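Accompanying notes for the structure given below.
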Amino acid sequence: MAYLRALAFILTLAGALLFLVPLQALARRRGWPLQHTIQTRFCRVICAVIGIKVEARGALPSKTPRFVVANHVSWTDIIALASVYPLVFLAKSEVASWPVLGVLARLQGTIFVERGAKQDISRVNDALADVLRAGGDLVIFAEGTSSDGADVLPFRSAHFAPLEAMAARGEAPTLAPVAISYSNGARRIDVGWYGDMSFLPHLWSLMKRGRTLCHIVFDEEVATAGKDRKTLAAETHARVRKLLASHERNRESPQSSCFETAASPLPQHEDCLLS
């Protein structure tokens, strides 16, 4: 099965390079809603090919634009989230050079940051604010790195600065906490991509593992008025940790399932199992 998944992955990327990239570039240039459908459908296909089933509980707050803050386990967090909502991501600069996936990331307006480059923070924060002012929904992984997912590392406050500045001008977006974890259905599993792991061996291990559930839990918004970036980071971190702990306690609760198009975001308070 792993070899079939690998073949399907190669064929999917080849097809995306030949057909989706030109179409997505045109859709972005013309501002067609099709660009959002392409993003979510492509990510759903990639998840299915590598053996990830996305289980989403709840929904993002309805008020847009939304500043989504999540814990970070693996590079698969990006495709899992983007399979549910059309989103813009803040990602490490290395992603831009990935074959095909990097091209698609750039087409989706991904903002790339040099890890550890403090002099780049101002530029990145300006770019984040531009996305929000344009009405886009944005995702940051505030831990600044990935982990094994057993706990949530402290959130770095630097990229919460746009929220603080926009709130001071009365134009604050919605701050939405999200918790991400992975399991085999019965228990949490480590699919993290961290430390000095290489991408291809990590991808191969996912394909060999078989079906993996990616659990995405959405929470209600965090109030931003009158709070500085450090307070916002601390409150959001506490929310995400609580979400993760609560989900681990209730993993075996019954699930309903649904499937929505990218142009129509998931409804409020609905539990969805996406394949």
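A short reminder: the numbers here are calculations on the coordinates, not readings from a lab. Source: prediction; values computed, not measured. Positions of Cβ are backbone-derived with ideal geometry, glycine not excepted, and every protein chain shown enters the neighbour counts.
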Over the chain, the sum of -39500 (n - 2.57) across DSSP H runs of at least four, divided by residue number and rounded to 500 deg cm²/dmol, gives at 222 nm -12000 deg cm²/dmol
Excluding residues fewer than 8 positions from LYS208 in its own chain, the lysines with Cα under 23 Å of it are LYS53
Projected onto the charge dipole of the chain (unit charges on the beta-carbon of Lys, Arg, Asp and Glu, signs +1, +1, -1, -1), the Cα from ALA223, ILE10, ALA176 with the largest positive-side position is that of ILE10
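Assign unit charges at the C-beta atoms only (+1 for Lys and Arg, -1 for Asp and Glu), then state the dipole size of the chain relative to its Cα centre in Debye, rounded to the nearest 20.
400
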With the 8 Å Cα cutoff and a minimum separation of six or more residues, the chain has a relative contact order in percent of 30
Lys and Arg at +1, Asp and Glu at -1: neighbours of ALA6 with Cβ under 15 Å from its Cβ sum to +3
Most packed first (mean Cβ within 10 Å per residue), the peptides 141-154, 74-87 order as 74-87, 141-154
Ordering 198-204, 62-68 by per-residue average of other C-beta atoms within 10 angstrom, highest first, gives 62-68, 198-204
Net charge (Lys, Arg +1; Asp, Glu -1) of residues whose beta-carbon lies under 12 Å from that of TRP193, TRP193 excluded, is -4
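Assign one of three labels to segment 1-90, namely rounded, prolate or oblate, based on the Cα gyration tensor with a ≥ b ≥ c the square roots of its eigenvalues; rounded applies when a/c is under 1.5, prolate when it is not and a/b is larger than b/c, and oblate otherwise.
Taking the square roots of the gyration eigenvalues as a ≥ b ≥ c, segment 1-90 is oblate.
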Once the dipole of the chain is set up from charges on Cβ (+1 Lys and Arg, -1 Asp and Glu), the residue from the list VAL49, ALA105, PRO22 lying farthest towards its positive end is PRO22
Toy charge model, Lys and Arg Cβ at +1, Asp and Glu Cβ at -1: segment 1-159 dipole around Cα centroid in debye, rounded to 20, equals 500
Partner lysines whose C-alpha sits under 24 Å from that of LYS118, ignoring same-chain residues fewer than 8 away, are LYS92, LYS227, LYS230
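Let me know the charge dipole size of segment 1-61 about its Cα centre in debye, to the nearest 20, where only the beta-carbon of Lys, Arg (+1) and Asp, Glu (-1) is charged.
Charge dipole, segment 1-61, about its Cα centre: 140 debye, nearest 20.
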If each K or R counts +1 and each D or E counts -1, the residues other than LEU203 whose Cβ falls under 13 Å of its Cβ total +3
Expressed in angstrom and rounded, the centroid-to-centroid distance over alpha carbons for segment 2-34 and segment 196-224 is 21
Expected sort for THR231, THR110 with the fewest Cβ neighbours (10 Å cutoff) up front is THR231, THR110
Where a ≥ b ≥ c are root eigenvalues of the Cα gyration tensor, a/c under 1.5 meaning rounded, otherwise prolate if a/b exceeds b/c and oblate otherwise, the chain counts as rounded
The chain: antiparallel bridges as % of DSSP beta bridges, rounded to 5, reads 40
